Amino acid sequence: MTSPADASSPFRDVRDELETLTTEAFRPELARIDQLPTLEIAKIMNGEDATVPTAVAAQLPRIAAAIDAIADRMARGGRLVYAGAGTAGRLGVLDASECPPTFNTDPSEVVGLIAGGPDATVNSIEGAEDSKELAAEDLGSLGITANDTVVGVSASGRTPYAIGAVEHAHALGALTIGLSCNADSALAAAADHGIEVVVGPELLTGSTRLKAGTAQKLVLNMLSTITMIRLGKTYGNLMVDVRASNDKLRARSRRIVALATGAPDDQIEAALSAADGETKNAILVILADVDAATAARLLTEANGHLRAALQAALASG
């Protein structure tokens, strides 16, 4: 029974709430892990990590439904916005920042918001995650519309910033997704699509940068990657919208054109030159035997889907 002294201790309500969360559970069998050989600790940690994909697999129907809803909104010009605090926020920022070079998206199309702003990616911003109002302000600066999707990310599923983001976006008619690592979370309940990847207690009690962080990264990979596949940003499993902004990516774009077309190097270089370096356009120039202007028109008419543009070109030819 809780004594009067316990009831008045600092942050008792939050402490009691944390006691109910799977991600915060204490594992007595690991209480002496610091006394084990390094290799044994590594084996235990690796075994813990191996359980994460199974937990993600249990949520695949929910993840797929969320992706279809995201793609539908983005096809109408909407944006994908991640909102989280701490590790969850950093993972959202990371996923968003990788979309422009991978899929040639505009930086405004996939956005990562972290409680406390950009400084919070490398420093802890005290108190930022506790504010629903801060989330509303951050989303307000983006001018969220009904075509947008907001994904609240929180391992605990109780973080006010993530819940506030979802609630504010929902009130504006945007699609909302709640990604957490505890069952029956407030975050999932507040969202149109609740995804709860329950990975169990962590190796280090409450350190949700471990299994929970890995689970969130896997799900965010799916949300962005499969959405981009649905939007025609790939041709088969080739990243045909890659932005060739450095030597490695310029070499990759040439390899992609080669894999898609089987053309010799001189033809690839000529097609890329005519298409101003756009990989997708160059592939269409070669496969459909059209000029660069026609390739650009066909892609526009096909909403950027290379396969559909190619079919249209071959049908008309």
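The values are calculated or read from the model by the stated rules, or taken from the named source; none is laboratory data. These numbers come from a predicted model, not from an experiment. Here Cβ is always computed from backbone atoms with ideal geometry, including for glycine, and neighbour counts include all displayed protein chains. Ligands, DNA and RNA are stripped out before the accessible areas are found, and what is left, the full protein with its side chains, is counted by its heavy atoms. Shrake-Rupley method; radii C 1.70, N 1.55, O 1.52, S 1.80 Å.
Results, tabulated for the structure shown:
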| item | result |
| --- | --- |
| Karplus 3J(HN,Hα) series, Hz, for region 15-20 with 6.51 cos²θ - 1.76 cosθ + 1.60 (x for Gly, Pro) | 4, 5, 5, 4, 4, 8 |
| Region 53-102, accessible surface, carbon-and-sulfur percent (1.4 angstrom probe) | 58 |
| Accessible surface, 1.4 Å probe, highest first, among residues Phe11, Phe26, Phe103 | Phe11, Phe26, Phe103 |
| Cα→Cβ-extended label distance, 7 Å offset, between Thr205 and Asp13, nm | 2.4 |
| Ellipsoid semi-axes in whole angstrom, largest first, where each is sqrt(5λ) of the Cα gyration tensor of region 216-266 | 25, 13, 8 |
| Solvent-accessible area, 1.4 Å probe, carbon plus sulfur percent, for region 199-303 | 48 |
| Between region 51-74 and region 126-156, the Cα center-to-center distance that results, in Å | 21 |
| Residues with amide H under 5 Å from that of Val111, placed H, sequence gap 5 or more | Leu80, Val81, Tyr82 |
| Vicinal HN-Hα couplings computed from phi for region 117-124 (Karplus, 6.51 cos²θ - 1.76 cosθ + 1.60; Hz; Gly/Pro x) | x, x, 4, 6, 5, 10, 10, 7 |
| Two-site FRET efficiency, Thr20 against Ser97, from Cβ-Cβ distance with R₀ of 22 Å, rounded to 0.05 | 0.05 |
| The chain, accessible area per residue, ligands and nucleic acids excluded (1.4 Å, Å²) | 49 |
| Normalised per residue, the volume of the convex hull around the Cα set of region 154-303 (Å³) | 156 |
| Taking region 136-186 and dividing mean pair separation by its residue count, relative contact order in percent (alpha carbons under 8 Å, at least six apart) | 45 |
| With Cα atoms, 0 to 90° folded angle of helix 279-288 axis to the chain main axis | 40 |
| For region 72-87, 3J(HN,Hα) per residue [Karplus equation, 6.51 cos²θ - 1.76 cosθ + 1.60, θ = phi - 60°, Hz, x = Gly/Pro] | 4, 6, 5, 5, 9, x, x, 10, 10, 10, 9, 9, x, 10, x, 4 |
| For region 99-219: span of alpha carbons on each principal axis (Å, largest first) | 39, 31, 30 |
| Of Thr121, Thr159, Thr54, the one that fluctuates the most in a GNM where the chain has Cα springs shorter than 10 Å | Thr54 |
| Within straight-line cross-link reach of Lys217, lysines at Cα separation under 25 Å, skipping those fewer than 8 residues along the same chain | Lys43, Lys132, Lys233, Lys248 |
| Cβ-derived FRET efficiency at R0 25 Å, Glu40 paired with Leu60, nearest 0.05 | 0.15 |
| Gaussian network model of the chain, springs between alpha carbon atoms under 10 Å - residue of Arg79, Arg243, Arg297 with greatest fluctuation | Arg297 |
| Paired Rg and Dmax values of region 253-317, which use every Cα atom, in angstrom | 10.5, 29 |
